[in-house]
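The values are calculated or read from the model by the stated rules, or taken from the named source; none is laboratory data. Here the structure is a predicted model, which means the values were calculated and not measured. Reconstructed Cβ throughout: ideal geometry from the backbone, glycine too, with neighbour counts over all protein chains shown. Only protein heavy atoms, including side chains, enter the accessible area calculation; ligands, DNA and RNA are left aside. Shrake-Rupley method; radii C 1.70, N 1.55, O 1.52, S 1.80 Å.
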Amino acid sequence: MALLGIDLGGTKLAAAVFTENGETVSKEVISLMGRGGAEAGALIVSTIKKLLNADLFEGSRIESIGISVPGIYRIKEGTVWAPNIKGWDNYPLLEEVTAVADGLPVTIDSDRACYILGEMWQGNARGCRDAIFLAVGTGIGAGIVADGRILRGAHDIAGAIGWLALDTPFRDEYISCGCFEHNASGEGIAKVAREYLQKQNDYAGELRAKPSEEITSHDVFAAYQNGDPLATTVIKHTIEFWGMAVANLISLFNPEKIILGGGVFGPAVSLIPEITREAARWAQPISSGQVGIVASSLGGDAGVYGAGYLALEKYRSRL
């Protein structure tokens, strides 16, 4: 028996075939190359068709399909809102995939949900029933499992914690992405650096050498590693926001584990001890002492593992 997991991102699609025990049989990554709308859907469909017809180990066949999507999956309608894929405001993905799935069960969920499911299946949250994946990349989201179940919310939007209100006063810049995301996402780190550059005219350090609009979070982390004072200020600011957000998650959900992942963790993994100390200042103290705050062990594969786990859970539910 085999499981097919598909992870759709803003720039690429990853597809992997897993055994029931989570071993990877095959994996491929395909660039979206700007595909949107029906073209992005067609790429998923063609990938599924190809893998359903592929020769697998010991004559096994795929028995279930799981798909991770960026944004919101509307479970009742079977549609996807994915802001970084053009034309996916209400895309009928479930209908398209079911039409070519040869009668196999198909399960779709948000990438943030799949991140934590992947870590619970094969990563650093194995054995947990209450765990959270804080995904920090271009944006910020959280996959939340409470009492062994994904927390979806009334309209499938739970976990959109980029909108956590962590500072006052309100600023118009928060309207599009939220306070937390503006200050502490990958793009947010670059934004904060630009704001500091505008204020500190006497600064002549590493970040001044590049046009302000071209500065990225990678530039800020590189400058921070070199001891640049402005970059150090920006990263300290970011640690405070990450610490406050983690503290709020601890106090609200009393999780066993909080997994820090996404593209920024990466370069920010070394900051986890500082984030943990900052969180402990703000969080409910008993809960804070019980939680493990660790990096993702699956990295960029968390979503595709989570999609594989979606497939496994649906397969088991039908036995």
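A few remarks follow.
- Residues in the range 133-167 that are part of a strand (DSSP E or B) and small (G, A, S) were compared, and the one that is farthest from the chain's Cα centre (by Cα) is A146.
- One residue stands out in the range 69-110 among those that are in a helix (DSSP H, G or I) and out of contact with any helix residue (DSSP H, G or I) (no Cβ under 6 Å at 6 or more places or on another chain): the one that is most open to solvent (accessible area, probe 1.4 Å), namely E95.
- Put simply, of I293, I258 the only residue that is in contact (Cβ under 8 Å) with a residue 12 or more places away in the chain, open to solvent by 10 Å² or more (accessible area, probe 1.4 Å), in a strand (DSSP E or B) and in contact with a strand residue (DSSP E or B) (Cβ under 9 Å, 6 or more places away or on another chain) is I293.
- For the range 230-244, the criterion of being at pLDDT 95 or above, surrounded by fewer than 16 Cβ atoms within 10 Å (Cβ to Cβ) and either on the phi > 0 side of the Ramachandran plot or within 21 Å of the chain's Cα centre (by Cα) (or both) is met by none of the residues.
- Scope the range 3-53; condition among the small types (G, A, S), in a helix (DSSP H, G or I) and over 21 Å from the mean Cα position of the chain (by Cα); matching residues: G37, A38, A42, S46
- Among the candidates A165, A184, A190, residue that is touching a helix residue (DSSP H, G or I) at 6+ places or on another chain (Cβ under 8 Å), over 28 Å from G292 (Cβ atoms) and at pLDDT 95 or above: A190
- The C-beta contact set for the range 161-182 (first residue more than 19 Å from A142 (Cβ to Cβ), second residue charged (D, E, K, R) and open to solvent by 20 Å² or more (accessible area, probe 1.4 Å), distance under 9 angstrom, 6+ apart or interchain) comprises E173/K191.
- Count - residues of the range 1-25 that are surrounded by 15 or more Cβ atoms within 10 Å (Cβ to Cβ), closer than 20 Å to G299 by Cβ and free of Cβ contacts under 8 Å to residues at least 60 places away in the same chain: 4
- Some residue of the range 111-132 being assigned to a loop (DSSP other than H, G, I, E, B), surrounded by fewer than 14 Cβ atoms within 10 Å (Cβ to Cβ) and not basic (K, R): yes
- Pairs are defined by a Cβ separation below 8 Å, a sequence spacing of at least 6 or placement on different chains, a first member in the range 36-50 that is within 13 Å of L8 (Cβ to Cβ), and a second member that is among the acidic types (D, E) and surrounded by 13 or more Cβ atoms within 10 Å (Cβ to Cβ); the pairs so defined are G41/E96; I44/E96; V45/E96.
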